[in-house]
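**Q** First the structure, then my questions, so here it is.
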Amino acid sequence: MSSGLPSLQARLVSRVIFPLAVMWFAGTLVITGVSRYFTQKAFDRALLDDAYAVASHVRLGSDNELSLGLSSNETETLLFDRDEVLFLAVFHADGRLIAGHSKLYVPTSEPIHPPVFTELILQGQQLRAVVIARAGPMPFKVVIAQTTKSQDQLFRALLLYSIGPQLMLLLALALWLKRAITEDVRPLSALAASLNDRDEHDLEPIPDK
């Protein structure tokens, strides 16, 4: 008589596969976080290099005013990126625009501070931006922002090439374990099935003659 409970094979397989699936999911979360972190760091480093390059061309004129010593063509060449759109702004420490896009201004608490990375929206586009502050020849700040299309594409590629093989290995391991467990418990499963099919009267003791 069937008890309606899962078979021994099914219980063993579930107790092995479920922990494996949990571990794979946890590993996927870790891989996702690490991939995002290092992808972001690489792009932030390039963005910071562009900001310092622009800052090196800020000049103090004879009228005691700061200016960006780059023509529009030189600026486009300096900030050229085949895949992304870059935006530039240079400000006085008090927020007055020297050159570039005024909407790129990012308020900070101190006139001089370490590089600050942030997210911006400009012209309907999500941007990753860096703000650097320089002390000379007069205090000023440079803001460089860029779209994140290539960064997102690289992140998705990293996930695909790291998670895809792991998922295939997990499925292969699950199938192998299921087959191995099935073979190992076949005698026990047969015994359990025969016991379940027996009538309860079969278990009554045989009376003495």
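The values are calculated or read from the model by the stated rules, or taken from the named source; none is laboratory data. Predicted, not measured: the structure shown is a model, and the values here were computed from it. Every residue, glycine as well, gets a Cβ built from its backbone with ideal geometry; the counts of neighbours run over all protein chains shown. When the accessible area is computed, the model is the full protein with side chains, heavy atoms only, and any ligands, DNA or RNA have been set aside. Shrake-Rupley method; radii C 1.70, N 1.55, O 1.52, S 1.80 Å.
**Q** As a test question: what accessible area, to the nearest 10 Å², does ARG186 have when a 1.4 Å probe is rolled over all protein chains in place?
**A** 120
**Q** Continuing with this model, one more query. What does the charge count around LEU66 come to, taking other residues whose C-beta lies under 15 Å from its C-beta (Lys +1, Arg +1, Asp -1, Glu -1)?
**A** +1
**Q** For the range 64-159, report the translational diffusion coefficient in µm²/s to the nearest whole number, using Stokes-Einstein at 25 °C, 0.890 mPa s, and a Kirkwood Rh over Cα pairs. Mind showing how you got there, number by number?
**A** Working: Rh = 14.4 Å.
Taking Rh from Cα pairs, D becomes 170 µm²/s.
**Q** Relative to the present Cα-Cα distance, how much length would full extension add between GLU183 and GLU65 at 0.36 nm per residue of separation?
**A** Numbers: separation 118, 0.36 × 118 = 42.48 nm, distance 8.40 nm.
Length gained between GLU183 and GLU65: 34.1 nm.
**Q** Another question, if that's okay. For the range 20-68, what % of the accessible area comes from carbon and sulfur atoms, probe 1.4 Å?
**A** On the way: 1930 of 2900 Å².
Looking at the range 20-68 in its full context, I get 66 percent from C and S.
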